[in-house]
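The values are calculated or read from the model by the stated rules, or taken from the named source; none is laboratory data. Here the structure is a predicted model, which is why all the values come from computation and not from measurement. Every residue, glycine among them, receives a Cβ derived from its backbone with ideal geometry; neighbour counts consider all protein chains shown.
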């Protein structure tokens, strides 16, 4: 535990150190040092502007992530359990996953305007496909002998779904959630840069236009920190719900 | 092969068959064009262990899964205590070749899982599970997860799970094939004791001739493509001797030889 903490700190020091050096060289006049960026972040925290920005950004982000997680896992289960739905839905998500989203945004804006709906859509398009596809393939790959075991001990279909298929699929479902949610964070910022500048996207756009690069990087840094914290929280939830998951698997 | 000897053993089997717990009547199983079992009939005497032995691909696991109700027979029927089965039931419990343990659940939850599915209250099922965990010698490992156990211990969990639902018929699908040799021998001795002490009917699938002869009251030899029972052998003398003398008994060695000579033509 302590060892892993030390390694994590070491890795952070290496990355931030490299950032600081690159800023001091400087690599580009538009690339601030780590310390300058942190000073800008402190200033934004103290004057409260970062909180106002997040109040705006978190709306489409949380809404989109919540929709993607629930609808994504639900659809994934459905697709995984029925081959008919696999043929019906799976291509849609494969296409959505591969589509160049930035190019599609103008269409979304024409259809749904420049408000919250479009932004939620962007988050969902980014986050949902990987959640759906991971869930579906995890469900399909439930070990047959576990399902057979359930049936031989008189499990109902519901028992098999809740007590065998979902727990067995949970590591891959959670892997999909992690990937999907990080993509959702990217989608939220992308929507604020491409649709209307609000929240954190506004800080990024505005500081770039007035050449306040430390503030711009501070905003980008803060969203990465938030994503990392969120994913760590998700890992905690997984460890709490499925204790056996992080302890390896029966291999033979 | 001495034909009169086969007739002898068959005759014996019929004669002793007074009370059968499980009857397989004219069961056939086709997978599309492939005939796995053809018109197979077999009686399983109550309170005894019957082995299904044969070369790989002879359909012994298929037959066991049909008895378990996990597979449907194409034709024919299975009766348990005179009642025709239509699917899995609480009169049968299954021990799996690959253990089929829930990797996310500890030993206690795995052992009590069968009872959990039957809706037994938590405290009650854990009491029952505790008893069988200690019966199979896993006391102290209740909180351990399957990946923390050795192969032999994992199968003990599988065995405890099957025992804890107190089914009268125990179906074992090559239960010791993924277990190392020394553990396997210990398991075989424990199994003999189990057959003696628990008043249950055991159906045991194995590909090991020695194992089948060592543990069985009755050995059904299955021959492949399509599968049918070619002979039924009932060891007589060494069953009453102690476990340490079985492998030295002349009858044991004779039966092992006899089975090998009838199976050797079917081994590729």
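Tell me, please, whether a residue that is under 13 Å from the mean Cα position of the chain (by Cα), outside any loop (DSSP other than H, G, I, E, B) and away from every other protein chain (no Cβ under 14 Å) can be found in segment B:219-236. Checked segment B:219-236: at least one residue is under 13 Å from the mean Cα position of the chain (by Cα), outside any loop (DSSP other than H, G, I, E, B) and away from every other protein chain (no Cβ under 14 Å). Report yes if residue A:237 is more than 14 Å from chain B (Cβ to nearest Cβ), within 20 Å of the chain's Cα centre (by Cα) and modelled with pLDDT under 90, otherwise no. Judged against the criteria, residue A:237 is a match. Tell me, please, whether a residue that is at pLDDT below 85, over 19 Å from the mean Cα position of the chain (by Cα) and outside any helix (DSSP H, G or I) can be found in segment A:1-13. Checked segment A:1-13: at least one residue is at pLDDT below 85, over 19 Å from the mean Cα position of the chain (by Cα) and outside any helix (DSSP H, G or I). Restricted to helices (runs of 4 or more DSSP H) entirely inside segment B:55-173, those with at least 1 residues that are within 11 Å of chain A (Cβ to nearest Cβ) are B:60-68, B:107-111, B:113-117, B:151-164.
No other residue among A:161, A:146 is touching a helix residue (DSSP H, G or I) at 6+ places or on another chain (Cβ under 6 Å) and closer than 21 Å to residue B:109 by Cβ apart from A:146.
Identify, from the list A:184, A:199, the residue that is within 17 Å of the chain's Cα centre (by Cα) and more than 14 Å from chain B (Cβ to nearest Cβ). So that I can check it myself, show each step before the final result.
On the way: A:199 fails: within 17 Å of the chain's Cα centre (by Cα).
None of the other options fit; the residue is A:184.
Report the residue count in segment B:188-213 for those that are outside any strand (DSSP E or B) and either surrounded by fewer than 21 Cβ atoms within 10 Å (Cβ to Cβ) or touching a strand residue (DSSP E or B) at 6+ places or on another chain (Cβ under 6 Å) (or both).
Initial filter on segment B:188-213 (outside any strand (DSSP E or B)): B:188-200, B:207-213.
Subset that is either surrounded by fewer than 21 Cβ atoms within 10 Å (Cβ to Cβ) or touching a strand residue (DSSP E or B) at 6+ places or on another chain (Cβ under 6 Å) (or both): B:188-190, B:192-200, B:207-210, B:212.
Here the count works out to 17.
What do you reckon, is residue B:77 within 20 Å of the chain's Cα centre (by Cα), surrounded by fewer than 21 Cβ atoms within 10 Å (Cβ to Cβ) and without any contact (Cβ under 8 Å) to a residue 60 or more places away in the chain? Here the answer is yes, as residue B:77 does meet what is asked. Against the conditions (1) more than 25 Å from residue A:200 (Cβ to Cβ); (2) free of Cβ contacts under 8 Å to residues at least 24 places away in the same chain; (3) in contact with a helix residue (DSSP H, G or I) (Cβ under 7 Å, 6 or more places away or on another chain), residue A:92 satisfies every one except (3). The conditions of being buried (at least 24 other Cβ atoms within 10 Å of the Cβ) and either out of contact with any helix residue (DSSP H, G or I) (no Cβ under 6 Å at 6 or more places or on another chain) or within 14 Å of chain B (Cβ to nearest Cβ) (or both) are met by residue A:152. The single condition among (1) surrounded by fewer than 19 Cβ atoms within 10 Å (Cβ to Cβ); (2) away from every other protein chain (no Cβ under 13 Å) that residue A:176 does not meet is (1).
Restricting B:123, B:134, B:164 to those that are within 21 Å of residue B:21 (Cβ to Cβ), modelled with pLDDT of 90 or more and over 16 Å from the mean Cα position of the chain (by Cα) reduces the list to B:164. Hey, can you tell me all the residues within segment B:33-49 that are free of Cβ contacts under 8 Å to residues at least 40 places away in the same chain and assigned to a strand (DSSP E or B)? Selection gives B:34, B:43. The sole residue among A:136, A:111, A:144 that is more than 14 Å from chain B (Cβ to nearest Cβ), surrounded by fewer than 14 Cβ atoms within 10 Å (Cβ to Cβ) and over 16 Å from the mean Cα position of the chain (by Cα) is A:111. Any chance segment A:191-198 includes a residue that's more than 21 Å from residue A:63 (Cβ to Cβ) and either surrounded by 18 or more Cβ atoms within 10 Å (Cβ to Cβ) or without any contact (Cβ under 8 Å) to a residue 24 or more places away in the chain (or both)? No, segment A:191-198 has no match at all.
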